[in-house]
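As structure tokens, the structure follows; a few thoughts come after it.
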Amino acid sequence: MATAALLLYHCSVFLWYFFLTYSLLTVSATEQPAGVFLYGGQWKYLTVLNVVLQTFFYAVTFLTDLLLPIRGIKLVKCIIYCRDLLFSVLAFPAATFVFLSFWALYSYDRQLVYPEGLDKIIPQWLNHAVHTAVFPIAVLEMVTSPHRYPPKRKGLTLLGICSISYLSWVIWIYFADGNWVYPFLGLLTPFGFLIFLLSSNILAATVYIVGETLNYLVWGTFLKTGDVQTKKMKM
């Protein structure tokens, strides 16, 4: 059964991500920053989609903590399965991918991924909250709560579908509006773009495998014995 500390923690993280979602979706500016276009709204950015995803995941996680005392019921087992699937296939890979890709490109040339004009409408704390803090929070979730990963082929297939879906959305926006969601994409040759697509999927798959390995290293014994809810939260 989830401890009171774990229940409080998940509730706090859910409220934090809910606040971030509200902050992002209510950002307003008197004039449009350079390098930013309106088509697709904020839903074209992986950062925003990730924050919404994390909000939903922690809502499910908090609900799971509340229902664990009655986990013998089939519906509760289904919710636990959905929580674990969400974390393994989407929540952990997305948070890690956003962190790695954003700061790698930002360090090379911020104009390629985060134009300076955004500094006028997005404060630094919010930038770090959605691009930096997402990773340690995901790792903390990994080491404080056990998650059953699906078979590797199933997990990687689902992740691949989600990855291709987002990349298709980015390409659609380009053909519909003539602008790339991320400016660096406009600098790539057709071959370079194909390499980017391939490398992005390889990175996502690598993150998934690393997450699965870390989860097994921390929780392998408990997952094998089925006693996955007895380990106390360590913070």
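Tabulated values for the structure
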item	result
Solvent-accessible ranking of TYR39, TYR182, largest area first, probe 1.4 Å	TYR39, TYR182
SER200 accessible area, 1.4 Å probe, all protein chains in place, Å² to nearest 10	10 Å²
Helical mean residue ellipticity (222 nm; -39500 (n - 2.57) per DSSP H run of 4+; nearest 500) of the chain	-23000 deg cm²/dmol
Virtual paramagnetic centre 7 Å along Cα→Cβ of THR221, amide N under 17 Å, in segment 125-166	143-147
Segment PHE184-TRP172, length gained on full extension (0.36 nm per residue, minus Cα span)	2.7 nm
Lys, Arg +1 and Asp, Glu -1 on Cβ, resulting dipole of segment 59-183 about Cα centre, debye, nearest 20	740 debye
The chain - percent relative contact order, Cα under 8 Å, separation 6 or more	28 percent
Exceeding the 26 Å Cα-Cα cut-off - candidates LYS44/LYS120; LYS44/LYS152; LYS44/LYS77	LYS44/LYS152; LYS44/LYS77
Highest average packing first - 212-223, 40-51, Cβ atoms within 10 Å	40-51, 212-223
Shape category assigned to segment 90-137 from the gyration tensor of Cα positions, a/c cut at 1.5	oblate
Accessible area per residue in Å² at 1.4 Å probe, computed on the chain	53 Å²
Extended-chain gain in nm, criterion 0.36 nm per residue less alpha-carbon gap, ASP119 and CYS78	10.5 nm
Pairwise FRET efficiency - LEU194 versus PHE19, Cβ, R0 = 45 Å, nearest 0.05	0.70
Label assignment, Cα Rg over 2.2 N^0.38 Å derived from the structure, set [x] 1.86; [y] 1.08; [z] 0.93	[y]
Carbon plus sulfur fraction of accessible area for the chain, probe 1.4 Å, in percent	72 percent
Stretchable slack from THR206 to ASP109, in nm (0.36 nm times residue separation minus alpha-carbon distance)	32.5 nm
Residue among LEU63, ALA176, CYS11 farthest towards the positive dipole end of the chain, charges placed on Cβ	LEU63
Length-normalised contact order for segment 50-158 - Cα pairs under 8 Å, 6+ apart - percent	34 percent
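The values are calculated or read from the model by the stated rules, or taken from the named source; none is laboratory data. Predicted, not measured: the structure shown is a model, and the values here were computed from it. When we count neighbours, we look across all protein chains shown, and the Cβ atoms used for this are built from the backbone with ideal geometry, even at glycine. Surface areas here come from the heavy atoms of the whole protein model, side chains and all, with no ligands, DNA or RNA. Shrake-Rupley method; radii C 1.70, N 1.55, O 1.52, S 1.80 Å.
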